[in-house]
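Please read the structure below before turning to the comments.
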């Protein structure tokens, strides 16, 4: 049987409850039915992804050292001649997380110079981005689902509601560049697997 | 000034409202502050992404025809020797969307045979996956944020809350394979760009 649902406590469609009769709810005491928020679908996703990419860069550095290869060869590698090299993929992954989250929170994103030329500098940029994400107001992000967000789009501007912007623009672009960066490192022969891509996700193995 | 907030109508942190004073809210009449839901962050994301990939495969087919190349060369191309070839990337992208969404909705996902050998067959699988997604109960998905989801993970099983499963496992894996598939096609020389990856997103250009 389902635990009693606290009325209007969260965004939960109680009409769906019968479908889950007999299933186990393990949400923390006092918040049996968990809400789903914009901040939860953005900030920790970016933090985990960017930290994972930092770990992938560590493995790339170790690989280059072991092979006595110049790390800049890996940093300039590409999946296709007209796709960004690794350095730029890392920079853009950072910027998607930083700029997207800032716009949802209603604050001006800081501008980072695109001047990294070493793995250590790219790791610093990743750390700087994660540190910035921690300064953002989660409540402001949570309230942004229906707000119109205007953002630069090539020579013009794009406009989407906050929820659409997160679901269909920030996350897709973020993961695009995160995956491209990972795939470049793997294509260079570095021994990494899906776990290195996913990073420290809140997964329980049973 | 902000429009008045309907009390407890949605999951909105009203304490954040002052941060948006003077900003424009364009949510539809009667739902001024839009909720953010699990179904909204999953089903349309997968549909748009899978349909976009179908379009990318169309361009791959046209490219192969124009170059008089065997399409199976593209279908067997890889970003790295130990990463999946294009055919498998497409199959797994479909399965992440299908299986992940089904588990959130509390239903058993259908099993698709992995027997596609042509671009047309892969496009059919993409369409079949999108058709399955349309059968799922959005209210059941919306109610799954705090529910524990158990899912196959290699030889063992993984367990996460619904929200964590969507944010940190389904979406990340879905985008990983979607990006890898796209990058393989682009690495083969097909003339595609970021718009082909993003697909028919609800974007207004201004």
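Read-outs: derived from the displayed coordinates by stated rules, not from any lab. From a predicted model like this one, the values you see are computed outputs, not experimental measurements. Glycine gets a Cβ as well: all are built from the backbone with ideal geometry, and neighbour counts include every protein chain shown.
Could you work out the mean count of beta carbons from other protein chains within 10 Å of each residue's beta carbon in B:145-152? Mean shielding count: 5. Between rounded, prolate and oblate, where does segment A:39-84 land on the alpha carbon gyration tensor, with a ≥ b ≥ c its root eigenvalues, rounded for a/c under 1.5, else prolate if a/b exceeds b/c? Because a/c hits 1.5 or more and a/b fails to exceed b/c, segment A:39-84 counts as oblate. When the Cα gyration tensor is reduced to axis lengths a ≥ b ≥ c, the ratio a/c is 1.5 or higher for segment B:80-167, and with a/b not above b/c it is classed as oblate.
Ordering B:132, B:197 from the fewest to the most neighbouring beta carbons within 10 Å gives B:132, B:197. Peptide B:199-205 has a mean shielding of 6, counted as Cβ atoms of other protein chains within 10 Å of each residue's Cβ.
Can you bin segment A:120-164 into rounded, prolate or oblate? Criterion: square roots of the alpha carbon gyration tensor eigenvalues sorted a ≥ b ≥ c, rounded for a/c under 1.5, prolate for a/b above b/c, oblate for the rest. In terms of gyration-tensor shape, oblate. Averaged over peptide A:174-187, the number of partner chain Cβ atoms lying within 10 Å of each residue's Cβ comes to 5. Ordering A:38, B:34 from the fewest to the most neighbouring beta carbons within 10 Å gives B:34, A:38.
Arrange the peptides A:143-149, A:154-160, B:98-104 so that the one whose residues have, on average, the most other Cβ atoms within 10 Å appears first.
Top to bottom by mean Cβ count within 10 Å: A:143-149, B:98-104, A:154-160.
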